[in-house]
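The structure appears right after this line, and notes come after that.
The values are calculated or read from the model by the stated rules, or taken from the named source; none is laboratory data. If you're wondering where the values come from, they're calculated on a predicted model, not measured in any experiment. Don't worry about glycine lacking a Cβ; one is built from the backbone with ideal geometry, like all the others, and counts go over all protein chains shown.
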Amino acid sequence: MQTWPLAIPALLIFAAPLLAETAAEANAAIRRDFVAFDPNYAADFRARAVRVGGLKAALLAQTGGGVENPVANQVLFETGTLLFTTADFKRIDRRADDLAAAIAHPALDHQDATGMWGCGSEQWFLKLDNTFDRLTDEARHRPDGPPRPLPAFLDRVSTPAKLEAWFDAVAESDIPHTGIDHGLEFNLAISDLLRMIVLGEPENYRIDPGLRDAFLRLLKDKYRDPVTGFWGERYRREGELQFRPDISTTFHIVSYLEGRIPDMPRLANTMLSLRTFSDPAGWLSNGHYWNHNNMDVVTVFRYAWPAASPAQRKAMAAEIDRMLAWCLGESLQPDGSFKVLEGDLSQEYAENFGVEFLSRTGFFSPARRFWTDREFPQSEAIRAKIRAFIETHAHTGVSGDNYASALSALMRDRD
């Protein structure tokens with residue numbers, strides 16, 4: 001079991017309010033960065049947000065009516081990504097036009113010449129994310145084979161030097177001069193590449209051990225913030241670098257490495273200090289709970305639990321209890337659906353993360369209930385209600401993958 005050096009608890013207790021204050025200011029600072037790059041940024045952003053919001057509503061209505069349109073959903077995600085991570089409004093307008101066309105002409109995904117999926121995306125890291133998901137789905141239906149060479153689409157990160165150079169380029173953002181925030185790119189790419197290069201998922205690629213070791217070294221020694229124990233983007237402002245903790249990036253790394261990272265108590269303390277602030281640093285989304293972020297938090301707590309102090313365990317248990325009460329009392333609907341919030345791409349997406357949050361709290365299974373010995377006698381009735389909703393609506397999903405994942409989570413928790 002890990003233990004803290006004696007000086008660390010007091011240091012973090014006193015640092016927590018300053019860290020939380022920084023988290024609260026993170027989004028405002030980024031908006032100021034974009035305005036420094038483009039003085040008309042705020043007005044241009046609002047105009048595009050209205051249009052993209054209308055197109056999202058149209059796509060939700062289409063897929064809710066049973067029309068399968070994965071390409072349009074990829075275009076929507078990229079358009080929204082560009083809206084919040086760039087000031088390139090000409091490109092955002094072009095992608096919004098593409099989204100309108102994709103809604104009008106539903107289409108299925110297909111591979112490009114390098115073997116990547118995600119034909120509705122232009123950015124490599126989004127194509128990589130779609131490709132990982134597609135390969136994972138395909139791997140479920142075939143036996144493991146002999147190791148394969150790295151595919152062409154991973155050439156840009158195929159050596160330790162290439163890997164470090166690529167991540168260096170996205171681990172730091174200089175928005176006032178470039179108009180680009182690389183935070184999401186860093187998060188998604190590090191998540192997919194960690195699984196492909198270090199964990200050998202979902203394909204059995206032939207990986208040079210030196211590449212795998214370099215990845216782990218970069219993660220633990222270069223890109224992790226030693227003060228907070230978190231991962232996240234660094235922002236260059238007036239010649240200085242400022243670190244912004246990111247719960248999603250941190251969740252991905254903690255989860256995929258199953259908690260085998262330095263300073264888990266320090267990381268847990270940081271996570272607790274961010275509970276009242278919005279993402280990307282904090283737990284909340286636009287000031288309220290969201291099952292996606294709640295799932296991230298509970299997963300980190302699960303891996304932090306063995307090394308946590310009694311005070312930390314008490315605090316974590318109290319927070320999980322609050323999130324669970326919100327999920328059951330406000331997010332879960334009488335018909336077994338979960339309320340679709342701003343960050344949810346679809347009903348299917350909301351359903352998956354609602355189920356995953358409940359599953360990871362151990363609501364359906366005492367064996368997973370690491371934080372409490374309470375019983376939840378209503379869990380079976382709720383499981384049946386959610387399952388009925390999924391089975392009734394699975395044909396209306398964007399692709400069926402999130403509904404399938406949610407159903408799998410419900411079934412894996414049967415004791």
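The single condition from (1) over 25 Å from the mean Cα position of the chain (by Cα); (2) in contact (Cβ under 8 Å) with a residue 60 or more places away in the chain that residue 141 fails is (2). Of all residue pairs spaced 6 or more apart or on separate chains, those with beta-carbon atoms under 8 Å, a first member in segment 218-244 that is within 23 Å of residue 162 (Cα to Cα) and of a type in the set (Asp, Glu) and a second member that is surrounded by fewer than 18 Cβ atoms within 10 Å (Cβ to Cβ) and at pLDDT 95 or above are 233/172.
For (1) loosely packed, with under 14 Cβ neighbours inside 10 Å; (2) over 13 Å from residue 74 (Cα atoms), each residue gets a yes or a no:
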{"residue": "113", "(1), (2)": "yes, yes"}
{"residue": "123", "(1), (2)": "no, no"}
{"residue": "136", "(1), (2)": "no, yes"}
{"residue": "143", "(1), (2)": "yes, yes"}
{"residue": "146", "(1), (2)": "yes, yes"}
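Scanning segment 65-121 for residues being closer than 15 Å to residue 55 by Cα, in a helix (DSSP H, G or I) and without any contact (Cβ under 8 Å) to a residue 12 or more places away in the chain gives a total of 4. Taken together, 368, 360, 383 contain a single residue that is out of contact with any strand residue (DSSP E or B) (no Cβ under 8 Å at 6 or more places or on another chain), of a type outside the set (S, T, N, Q) and without any contact (Cβ under 8 Å) to a residue 40 or more places away in the chain, which is 383.
Go through the residues of segment 318-336 one by one and say whether even a single one is under 25 Å from residue 404 (Cα atoms), among the small types (Gly, Ala, Ser) and under 16 Å from the mean Cα position of the chain (by Cα). Taking every residue of segment 318-336 in turn, none turns out to be under 25 Å from residue 404 (Cα atoms), among the small types (Gly, Ala, Ser) and under 16 Å from the mean Cα position of the chain (by Cα).
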